[in-house]
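Please treat every number below as a calculation from the coordinates, not as lab data. It should be emphasised that the depicted structure is a prediction, and the values quoted were computed from it without experimental measurement. All Cβ positions, glycine included, derive from the backbone under ideal geometry; neighbour counts span all protein chains shown.
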Amino acid sequence: MAGRNPRQRNTAHVSLCVKYTMVLVNVLFFFLGGAIFGFGIWGVYSKDVSAITDVIEGGTISVDPLWVFIVIGFIVIILSTLGCIGSLRENTTMLKMFRYSMILILILEATAAVLAYFYQDEVVGSIETFVMNGMKNYQDDPDTQFIIDTIQEYLQCCGINEPSDWEVNLYYNCSGVARVTKCSVPFSCCVEEAEGVVNYQCGNLALVPDTPDSQVIYTKGCKEAVITWLTNNLVFLAVVVGSMTLFEIVAIGMAASLIGDIEFVKAHW
């Protein structure tokens with residue numbers, strides 16, 4: 001150490017601008033992860049508790065799609081905590097864990113986007129198959145039931161292409177054995193009579209031929225409704241995706257810069 005230039009030691013420092021910008025970025029990531037995590041928790045607890053209890057008691061617990069949101073939110077919270085604390089404490093181990101994890105996530109996102117672009121038909125077909133199977137098992141799977149109901153209510157649609165798609169369900173099929181729900185659709189297909197008022201029986205007999213169901217249920221298919229929603233919100237979605245990607249790249253760059261500063265300072269101690 002005696003042979004080192006004192007002036008060189010004095011000029012070695014960690015950029016406070018990069019350090020506290022890194023902290024701010026990770027705080028934003030933390031709240032984003034919290035929002036995703038909260039949505040997953042809200043979704044789980046907003047479902048019919050009695051239906052969940054029946055599934056658990058029946059011993060047929062399926063993977064809850066809403067747990068995907070919970071897991072993603074938890075991962076984002078952990079990574080943002082690593083980045084924030086690593087920056088404040090100038091801990092290169094935590095910062096490197098944050099950086100490499102962000103690079104891996106960015107690579108996975110890019111790979112998924114490329115595959116989805118080149119295999120659009122397969123992706124759409126897989127989604128339709130998933131939804132169709134969900135419609136078949138609507139009464140037996142509370143997780144899928146919650147997702148389908150949420151989509152139909154929010155987008156004001158019914159079935160994949162039209163309400164008659166619900167005939168795939170044994171309980172709603174017009175040739176089925178269920179007397180009460182025969183030739184019907186779920187309540188989430190129903191047009192609200194008043195704000196916040198749900199008529200759980202309004203979908204009964206809605207699939208009977210020549211029934212004037214246009215005033216009772218939504219007649220637009222959810223596939224068309226999703227395409228319309230995506231088209232109307234294309235700019236917004238592009239801005240969100242672009243901002244998130246830029247956010248991740250900036251975070252990776254700042255982590256690398258901060259790691260370099262910290263290691264440079266330690267080398268001149």
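Summing +1 for each Lys or Arg and -1 for each Asp or Glu among the other residues whose beta-carbon sits under 12 angstrom from that of LEU16 gives -1.
The modelled label-to-label distance between THR231 and THR150, using points 7 Å beyond Cα along the C-beta direction, is 2.6 nm. The calculated FRET efficiency for the pair LYS96 and TYR45, based on their C-beta separation and a Förster distance of 25 Å, comes to about 0.10.
Go through PHE118, TYR171, ILE105 and say which Cα lies farthest out towards the positive end of the charge dipole of region 88-188; charges sit on Cβ, +1 for Lys and Arg, -1 for Asp and Glu. Result: ILE105.
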